[in-house]
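> Right, I'll just put the structure down here and ask away after.
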Amino acid sequence: MATYARTFVRPDSEVNCNNGTTGLEWGGGSSIAAIIKTTDVTNTKVIAAFGPAGSNAWTFQVDADESVALFTEAVGGKRNSAASRIVSGRWHLACVTKATGTSTPRFHIYDYTTQSWVHENGGGTQADLGAIGATSAVWIGQDNDSAGNGWDGQMQALGYWSSALSDAAVENLVSSRTAWEQSTPAAFWPLTQSSTGTAVQDTIGTADEVSTTGTSVTTGLEAWDDLTATYPAAVMAQSPAIYYRLDEPFGDMVDRSGNARNATVASGVTRKATSLLPSDGDQAITMNATASSRCSSSYNCFTPGGSNTFVGIARLDDISTYRVFWGGSGVNAPELYYDVAGNNINWDANFGTAVGWSFASTGITLGVNFHVAIVYTDVDPCPASLYINGQQIGTTQNVGIANGYNGSAGNRGNFTVGDSGVPNNAPFYGGLDEVAVWNSALSGATILSLATAAGFVATTGPSDRTLIVNAAPRLR
């Protein structure tokens, strides 16, 4: 699926939004951010203006020297980013934040090309401006006094917050539209419509488009509007309980499912690795079995009597010992892991049962990316199936063990990527990407469709589907 943005051409391109902008004010704790790319390196370019036409407004803009600026007509004048600059022809996230009272605005600029941040205070303090009023407008891509200082280039998103976001909160905005929606903005305008005939909407508030002039649709930044790409769209179509793209260069791993089950990232995880998803401009994570190599959620998906599907893209770079793909954080936690003793991939529903399911690791080559899925139903006879690159490698039932997810919730623990159970006991070594969880058993056809959407060719499993049933789990 295509990703779109909006092109503006100075001096007169604009999207004018009106209706109910009460509560938007510069001050009292405020933030404004935009995803932008400029093609003009000589003139002042207004990203957005807030307020009544002609007076008492404030504008978020890029000046002729390519610094990001905040200009208020009523109080404080203009403040600019000091050292950082917007580079023509590159996508950036630009943001300015201001605490309550007469305080110094803080500027934040991220360059998607160099993957680098600058956070810096502007030159001098500004007073609070106050509310702009219910009859005022939001002028996207244009000054409110029609001075011809409109935006020249592309814009993919604009957002406003009634709080001064922290540096860490701003950094989370880089990777996904979902992160913006989870950050409780007061107003949010994605400019991702496939046609100018589709109105720009404030997806949080009520300041929707009332008119547009001189804009056109262009290709957007897929790394931000990332759920429109083929594989993410296929995952989201199945309504996952958790979906981590594992591409955040900073902050938590954002749960793209919309369920807000974000994962904290330990220090042993290396970010910004090349994506494991073919033909994807995104990023992944790598782990080298060092201490604290894991991403930890606060969500326990291992429900006795329920079903789960776990899907991800992986690459094993070392198999000298056990390697856990993912599992629970509890002492007797479920986990999917590579078993060095048998050159198998094992699924253990609960270490307290002393039983497991073991599958031949056909289709896995050291240093090569592969699509992996485990489907498990936690009702006697507890069937489990493993899929590599969409091909069912094996399936089995453990008759008579009742529920594998037994024991207390604490023993099962919360879903964890790259480790489980006793931390650092058998952490993953290699790359991980695109990890998703369902609280249901997806069909083999659905798993194949996901692997196909990811660009992985189904591999043929062993002809005899040899399995070890009731295999003893690894010792911790």
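> Report the net charge of residues surrounding residue 306, where surrounding means a beta-carbon distance below 15 angstrom and charges are Lys +1, Arg +1, Asp -1, Glu -1.
Net of charged neighbours comes to -1.
> Let me ask something else. Give me the extension gain from residue 114 to residue 88: residue separation times 0.36 nm, minus the current Cα-Cα distance, reported in nm with one decimal. Mind dumping the intermediate values first?
Details: separation 26, 0.36 × 26 = 9.36 nm, distance 1.32 nm.
Roughly 8.0 nm would be gained on extension.
> For residue 9, what is the net charge nearby, where nearby means another residue's Cβ is under 15 Å from its Cβ and Lys, Arg count +1, Asp, Glu -1? Numbers along the way, then the final one.
Working: positive: 6, 10, 37, 45; negative: 12, 14, 40, 143, 152.
Summing Lys/Arg as +1 and Asp/Glu as -1 gives -1.
> First check a/c for segment 182-227, with a ≥ b ≥ c the square roots of the eigenvalues of its C-alpha gyration tensor; if it is under 1.5, answer rounded, and if not, answer prolate when a/b is larger than b/c or oblate otherwise.
Working: a/c = 2.74, a/b = 1.08, b/c = 2.53.
Here segment 182-227 falls in the oblate category.
> Further question: If I model a spin label at residue 343 and residue 162 as a point 7 Å from the Cα along the Cα→Cβ vector, what separation in nanometres do I get?
Inter-label distance under the simple model: 6.3 nm.
> Compute the angle between helix 444-454 and the longest alpha-carbon principal axis of the chain, please, reported from 0 to 90 degrees and rounded to the nearest 10.
50 degrees
> Can you tell me the equivalent ellipsoid semi-axes for segment 157-249? Use √(5λ) from the Cα gyration tensor, largest first, whole Å.
Its equivalent ellipsoid spans semi-axes of 23, 19, 12 Å.
> 222 nm [θ] for the chain, helices only, -39500 (n - 2.57) per DSSP H run of 4+, per residue, to 500?
-1500 deg cm²/dmol
> Mind checking the full-extension length gain between residue 379 and residue 298? Use 0.36 nm per residue of separation minus the Cα-Cα distance, one decimal, nm. If you can, show how the numbers build up before the last one.
Working: separation 81, 0.36 × 81 = 29.16 nm, distance 2.43 nm.
Taking 0.36 nm per residue and subtracting the Cα distance, the gain is 26.7 nm.
> Divide the volume of the convex hull of the Cα atoms of the chain by its number of residues and quote the answer in cubic angstrom per residue. List each step's numbers first, then the result.
Numbers: hull volume 64.2 nm³, N = 476.
Each residue corresponds to 135 Å³ of Cα convex hull volume.
> Can you work out the FRET efficiency for the pair residue 219 and residue 65, with r the C-beta to C-beta distance and R0 = 30 Å, to the nearest 0.05? Present the calculation step by step, with values, prior to reporting the outcome.
On the way: r = 28 Å, r/R0 = 0.94.
Once the sixth-power term is evaluated, E becomes 0.60.
> What net charge do the residues around residue 125 carry, taking every other residue with its C-beta under 13 Å from that of residue 125, with Lys and Arg at +1 and Asp and Glu at -1?
Values: positive: 78, 79, 98, 106; negative: 128.
With Lys, Arg at +1 and Asp, Glu at -1, the net is +3.
> Now for a separate question. Placing one identical point scatterer on every Cα of segment 4-219 and ignoring solvent, what is log10 I(q)/I(0) from the Debye formula at q = 0.19 Å⁻¹?
Listed by q, the Debye log ratios stand at -1.59.
> Express in % the proportion of alpha carbon pairs of segment 229-469 at distances exceeding 26 Å. Intermediate results must be reported in sequence, preceding the final value.
Values: 8322 of 28920 pairs.
So the portion of pairs separated by more than 26 Å is 29 percent.
> Which Cα, out of 439, 279, 341, lies furthest along the positive dipole direction of the chain (beta carbon charges, K/R +1, D/E -1)?
Farthest towards the positive pole: 341.
Any read-out appearing in this document is the output of simple, stated calculations on the displayed coordinates, not a laboratory observation. Predicted, not measured: the structure shown is a model, and the values here were computed from it. Here the Cβ is made from the backbone with ideal geometry for all residues, glycine too, and neighbour counts use every protein chain on show.
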